[in-house]
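Below is one structure, written out as C-alpha cells, with a few remarks after it.
The values are calculated or read from the model by the stated rules, or taken from the named source; none is laboratory data. These numbers were taken from a predicted model, which means no experiment stands behind them. Cβ placement follows ideal geometry from the backbone for every residue including glycine, while neighbour counts extend to all protein chains displayed. Quick note on the areas: whole protein, heavy atoms, side chains included, nothing else; ligands and nucleic acids left out. Shrake-Rupley method; radii C 1.70, N 1.55, O 1.52, S 1.80 Å.
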Amino acid sequence: METESSNAVTAARVAYVIDPALSRFSVQGFAGGFLSTFAHNPKIAIRDFAGKAELTPETIEPASLRIVVKAGSLELTDNVSDRDRREIERVMREEVLEVEKYPEIVYESSGVSATTTGADQYAINLQGSLSLHGVTRPHTLAANLVLTGDRLHVYGDFSLNQTDYQIKLVRVAGGAIKLKDELKFSFDLVGHKQG
C-alpha cells in the first residue's frame, strides 16, 4: 500500500529544466585587509550551469532541486583591464577553485518546505548539500518561487564561507589586500516544464 501511495506522489510531481540563457547566477566577494579601501569587491558571473527542479503542483511539497555548475565557467564582470581580468580569473580557477581537480560544484536538495505568499507564489526553504572544492556540507537555502503556466521562476541569495570548503583566501600586495572569507551568491533561475 505504501508503494502505491508513494508512486502516486511521484507521478504527480512536475519536472522543470533550468534555462541558463534566461537565468542569472552570480557571486560577490569583499576586499579586506589594511589596503582594502584601494581594492574592489569582485563580482563574478557563473556562466555554465544546469539544473532540474521537481515539485508537486498546488502544495509544492514534496519537491527537489539539483544544480550543477562548471567551476571553470566563473567570469569576472568588473570593469578592469584585460590584463587584470586574465590574472584574477587565472588565480580564481587555478589557485582558489582548483578547477582541474574539482571541475563541478553541485547543490542537491534533500528536503523542501513551502509557504504560500500569493497566487502561484511561495516562500521556500531547501535543505540540502553543497559540494564545492572536494568538500560536501549541509546547506539550507531560502528562496522565492513563482509558477506561471509552464514556467518556474525561483530567486534568492545566500552566503557561505570559503574556509568551510577548504578554499584558500586570496591575498595580494603581500597580504595587505585579501578577499574576506564570506561570499554572497545571488540566483534568479527560470525553468521550463519538461515534456
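For residue 165, which of the numbered conditions (1) among the aromatic types (Phe, Trp, Tyr); (2) open to solvent by less than 20 Å² (accessible area, probe 1.4 Å); (3) touching a Ser or Thr at 6+ places or on another chain (Cβ under 8 Å) fails to hold?
All conditions are met except number (3).
Given the criterion modelled with pLDDT under 95, of a type outside the set (Ser, Thr, Tyr) and out of contact with any Cys (no Cβ under 9 Å at 6 or more places or on another chain), identify the matching residue among 104, 95.
Working: 104 fails: modelled with pLDDT under 95.
Just a single option satisfies the conditions, and that option is 95.
On the given criteria, is residue 23 modelled with pLDDT under 90 and either over 24 Å from the mean Cα position of the chain (by Cα) or closer than 29 Å to residue 170 by Cβ (or both)? Working first, answer last.
Values: modelled with pLDDT under 90: no; either over 24 Å from the mean Cα position of the chain (by Cα) or closer than 29 Å to residue 170 by Cβ (or both): yes.
Criteria not met by residue 23.
Give the residue that is nearest to the chain's Cα centre (by Cα), with candidates limited to residues of segment 110-122 that are small (Gly, Ala, Ser) and open to solvent by 70 Å² or more (accessible area, probe 1.4 Å). Before the answer, list the steps.
First, the residues of segment 110-122 that are small (Gly, Ala, Ser): 110-111, 113-114, 118-119.
Among the residues that remain, those that are also open to solvent by 70 Å² or more (accessible area, probe 1.4 Å) are: 110, 119.
Details: 110: 16, 119: 26 Å.
Looking at the filtered set, the residue picked out is 110.
Just the residues that are in a loop (DSSP other than H, G, I, E, B) and either open to solvent by 60 Å² or more (accessible area, probe 1.4 Å) or under 10 Å from residue 107 (Cα atoms) (or both), please, taken from segment 126-142.
Across segment 126-142, the qualifying residue is only 134.
Being surrounded by 15 or more Cβ atoms within 10 Å (Cβ to Cβ), within 16 Å of the chain's Cα centre (by Cα) and part of a strand (DSSP E or B) narrows it down to one of 145, 152, so name that one.
Numbers: 152 fails: within 16 Å of the chain's Cα centre (by Cα).
After ruling out the rest, the residue left standing is 145.
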